[in-house]
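The values are calculated or read from the model by the stated rules, or taken from the named source; none is laboratory data. The shown structure was predicted, so the numbers you read here are calculated from the model rather than taken from an experiment. Using ideal geometry, Cβ is built from the backbone for each residue, glycine included, and neighbour counts are taken over all protein chains shown.
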Amino acid sequence: MKERIDPKKVPKRTLPSGEKIPCIGMGTFGSDRFTPEQVSGAVAGAIEAGYRLFDCASVYQNERLIGDVFNSAFKAGTVRREDLFIMSKVWNDSHGEGDVLLSLAKTLKDLRLEYVDAYFVHWPFPNYHAPGCDGDSRNPDSKPFSVSRFIATWRQMERLHKAGLARHVGFSNMTVPKLEAALPQCEIRPSLIEMEMHPCFQQADLFDYCLVENIQPIGFCPIGSPTRPDRDKAEGDVSVFEVPEVVEIAKAHGVHPAVVCIKWAAQRGQIPIPFSIYENEYASNLRCVTEDPLTKKEMKAMKNAERNNRLIKGQVFLWEGAAGWEDLWDLNGEITK
């Protein structure tokens with residue numbers, strides 16, 4: 001018998017609009033390791049397990065099959081559309097005038113929806129790379145971040161929101177300097193922001209900045225993404241499963257270190273979006289936020305797990321003349337030109 005967690009027992013976060021959103025969701029990025037059939041199958045199982053938040057993207061190349069799963073669940077009465085919070089993202093090759101609308105139109109067709117609950121600018125520049133590329137791939141047309149170009153894309157996002165096609169709009173893969181440049185020019189502010197966050201890369205400054213600005217952080221790679229693409233693996237990367245602070249707390253609770261990562265994320269205030277095709281894992285990820293929380297002492301100890309270890313470095317998006325992947329992340333406190 002499949003495990004089912006009561007969605008009502010899953011804690012909620014409150015968005016700027018006052019709407020409630022689950023404190024954990026399921027990611028659907030697995031295109032470098034898993035087939036669309038495997039990913040959509042996991043989504044079907046996750047709905048039955050009690051998940052109500054799903055993070056999709058056009059570049060993941062699996063929205064059509066995921067849409068079939070959503071449609072079947074609605075028709076079967078397993079869940080109502082209004083009970084799900086479904087998110088997607090515009091890819092980098094669709095930032096041009098009118099392209100964001102076309103991108104969302106395809107996503108809505110593929111997901112078989114009339115609207116998405118949140119739509120994100122996947123990366124803050126139009127630097128495109130093909131799905132499945134290797135880490136040495138570069139697009140000669142790539143450019144550094146431009147606030148004017150970004151806001152031109154954001155204006156299209158705002159129109160989609162006003163049209164009711166995206167109930168919320170958000171940013172992703174931003175930095176504090178980029179936010180400082182962009183937010184004052186937003187007519188409609190982002191409700192949510194996606195960023196890499198796990199115990200070994202806590203992004204405290206960016207996380208705190210977003211909370212002050214009333215933007216809900218969503219953390220991808222919440223368990224350090226051991227199945228991330230090979231292009232995103234580098235010498236010196238740290239496995240959160242081997243960090244002493246995480247291991248010690250896992251032993252105290254009698255759980256896998258991945259569970260500690262999820263509990264920490266949910267209790268800290270971000271929304272983790274882990275992904276797994278395995279029922280025992282995605283059910284455990286959901287169940288763990290409903291029971292046996294980390295203590296205040298353990299939450300404090302988790303701060304010591306910080307290793308400043310960014311896993312998704314983004315080097316495939318670099319422009320000609322860039323010194324290295326660090327230029328994408330404005331490490332000196334200014335937007336890199």
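Some values worked out for this structure:
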{"item": "Hey, Gly224 within 16 Å of Phe275 (Cβ to Cβ), outside any helix (DSSP H, G or I) and at pLDDT 95 or above or not", "result": "no"}
{"item": "Residue under evaluation Gly96, criteria (1) touching a helix residue (DSSP H, G or I) at 6+ places or on another chain (Cβ under 6 Å); (2) more than 16 Å from Val116 (Cβ to Cβ), criterion not met", "result": "(1)"}
{"item": "Among (1) over 27 Å from Arg52 (Cβ atoms); (2) out of contact with any Gly (no Cβ under 8 Å at 6 or more places or on another chain), the one test that Glu281 misses", "result": "(1)"}
{"item": "Options Ala46, Ala73: the member that is within 20 Å of the chain's Cα centre (by Cα) and touching a residue at least 24 places away in the same chain (Cβ under 8 Å)", "result": "Ala46"}
{"item": "So Asn71, is it over 20 Å from Pro272 (Cβ atoms) and assigned to a helix (DSSP H, G or I)", "result": "yes"}
{"item": "Pairs with Cβ under 9 Å, 6+ apart, first in region 4-17 and closer than 16 Å to Leu84 by Cβ, second of a type in the set (D, E, K, R) and assigned to a loop (DSSP other than H, G, I, E, B)", "result": "Pro7/Arg52; Val10/Arg52"}
{"item": "So Ile262, is it over 21 Å from Phe207 (Cβ atoms), of a type in the set (A, V, I, L, M) and either in a helix (DSSP H, G or I) or in contact (Cβ under 8 Å) with a residue 60 or more places away in the chain (or both)", "result": "no"}
{"item": "Tabulated pairs, region 175-188, first within 14 Å of Ile215 (Cβ to Cβ), second among the charged types (D, E, K, R) and modelled with pLDDT of 95 or more, C-beta under 7 angstrom, 6+ apart or interchain", "result": "Thr175/Asp330; Val176/Asp205; Lys178/Asp330; Leu183/Arg189; Leu183/Glu213; Ile188/Glu158"}
{"item": "Members of region 121-157 found to be within 20 Å of Val169 (Cα to Cα) and among the charged types (D, E, K, R), listed by number", "result": "Arg149, Arg155"}
{"item": "Selection within region 76-93 - touching a residue at least 12 places away in the same chain (Cβ under 8 Å) and either not in a loop (DSSP other than H, G, I, E, B) or not aliphatic (A, V, I, L, M) (or both)", "result": "Thr78, Arg81, Asp83, Phe85, Ile86, Met87, Ser88, Lys89, Val90, Trp91, Asn92, Asp93"}
